[in-house]
Each structure stands twice: as C-alpha cells, then as structure tokens.
Amino acid sequence: MSNTKTYWSQRYQENNTGWDIGEPSKPIKSYIDQIKDKELKILIPGAGNSYEAEYLFNQGFKNVYVLDIAKAPLETFQKRVPNFPLKQSIQGDFFKHRGQYDLILEQTFFCSFPPLPETRTQYALKMHELLHQNGKLVGLWFNFPLTGDLEKRPFGGTKEEYLSYFEPYFNIKIFEECYNSIPPRMGKEMFGILEKNSLVELI
C-alpha cells in the first residue's frame, strides 16, 4: 500500500490529475438524477476530488462514502464540502476496505491500476464483496485498447475483456458505449450497470 499511497499523493501534490474534469461526469450525473431512494448507501472508491459525491450530497443523499488512498484529495474535498461527514470520508486501500453498500460508483478508478488479469479479477471480486444483495456497480470504463505499457495511465480495455471479469460475479444490465460522454471522451467510454449476482459463492 505504501508505494501506491506515495504515488497518488505525489500526483495530487504536483497537480498531475489529467483525469479530473472539474465537475460530475455527465453520464454518472444523469444516472444519479433518476435515483429515487436517497437512503441508499453509496461508495465512491478512488474518489479523488469527488465531484460526484458533492453532487450526491447536495441532492440530499446523506449516506455517501468516499474512499481514496491519498489524503490530499480528501482534504480538498472536505474544504469544498465542509458539511460532508468526516466519518464518511475514508483514507484507505480499496482492496482492504470493509463495508456493505447498495451502490458503488466507478469513475476513473478501474483505469488507475496496472491492467493485469489478476488485479482486474481482484477488482471484480472486491466489488462483489462490498455490495449488498442486489447491489449495483455503476459507472464508466475506458473503451480503448491496452498498449502493453504498465506505467502510462489511464489503462483501457475492450467490452469483451471487461465482461470476462464481470460476468462471473454480476448480472449485466447495461454495458455499452456511452452516448453522453463529455466531448474529449466521446467514443472512449463504456457505461455499465452491473447488479451483484448473489448466487455466486466466493471461496
């Protein structure tokens, strides 16, 4: 964890955050806007500056949790949204996190760690573990091929590859090219709604 923590802390300190669009991602905002149950327990892992969490909180969703391995973006978020409960802003390693959620939002988190099959499988398993029965993983995954470079982020993939990791653990409701991406990402994002398959028994 220490190397990962140092890496991301340095990126924020250097303001090397090209993934940060300065506002909630339009596709995720559109999804949030149709959620009627504001009591849902929601997690945003790799939250960064977490404009989605700010938007949720301002829309009346009070059971929102943000998780990041780096301290700096959480501090920035807290200054921007001072009424957000401190106990719901968590610095820690996603893969060691404990909890149960109704909804997890994916926004430039999956693409941030090296695209190794074992890591991507671990991601799918952890998401499954963190969701309540019938919980959903919803968000965006980059839709462009891997280059073989294990250092240059963001890391992409294909629909077929992503589904190979998710289908064993989730019922795929939607996983299609995103129609309402921001212009620089148009054609480069997949939007997915994945529902936990509670019949899967994990060893």
### Task
Please go through region 1-55 and pick out each residue that is at pLDDT 85 or above, more than 27 Å from residue 98 (Cβ to Cβ) and more than 15 Å from the chain's Cα centre (by Cα).
30, 33, 34, 36
### Message
Just to be sure I understand, how many residues within region 185-200 are under 16 Å from residue 136 (Cα atoms) and either over 17 Å from the mean Cα position of the chain (by Cα) or among the acidic types (Asp, Glu) (or both)?
### Response
5
### Message
Looking only at residues that are over 15 Å from residue 128 (Cα atoms) and part of a helix (DSSP H, G or I) in region 151-177, which one is farthest from the chain's Cα centre (by Cα)?
### Response
160
### Those residues of region 185-200 which are surrounded by 13 or more Cβ atoms within 10 Å (Cβ to Cβ) and not in a strand (DSSP E or B), in sequence order
185, 188, 197, 198
### Query
Considering only region 49-95, how many residues are part of a strand (DSSP E or B) and free of Cβ contacts under 8 Å to residues at least 60 places away in the same chain?
7
#### Entry: Filter result for the condition that a residue is surrounded by fewer than 12 Cβ atoms within 10 Å (Cβ to Cβ), at pLDDT below 85 and more than 14 Å from the chain's Cα centre (by Cα), over 203, 182
203
### Task
Return yes or no: is residue 98 without any contact (Cβ under 8 Å) to a residue 60 or more places away in the chain and in a helix (DSSP H, G or I)?
no
### Those residues of region 107-134 which are assigned to a strand (DSSP E or B) and surrounded by 22 or more Cβ atoms within 10 Å (Cβ to Cβ), in sequence order
131
### Query
Does residue 169 qualify as being within 20 Å of residue 45 (Cβ to Cβ), in contact with a His (Cβ under 8 Å, 6 or more places away or on another chain), surrounded by 16 or more Cβ atoms within 10 Å (Cβ to Cβ) and modelled with pLDDT of 85 or more?
yes
### Message
Give all pairs with beta carbons closer than 9 Å in which a residue from region 178-203 that is under 13 Å from residue 129 (Cα atoms) and touching a residue at least 24 places away in the same chain (Cβ under 8 Å) meets a residue that is in a loop (DSSP other than H, G, I, E, B) and of a type outside the set (A, V, I, L, M, F, W, C); count only pairs at least 6 apart in sequence or on separate chains.
### Response
196/169; 197/167; 197/168; 197/169; 200/168; 200/169; 202/169
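The values are calculated or read from the model by the stated rules, or taken from the named source; none is laboratory data. Fair warning: this is a prediction, and the values are worked out from it, not measured in the lab. FYI the Cβ positions are ideal-geometry reconstructions off the backbone, even for glycines, and counts take in every protein chain you see.
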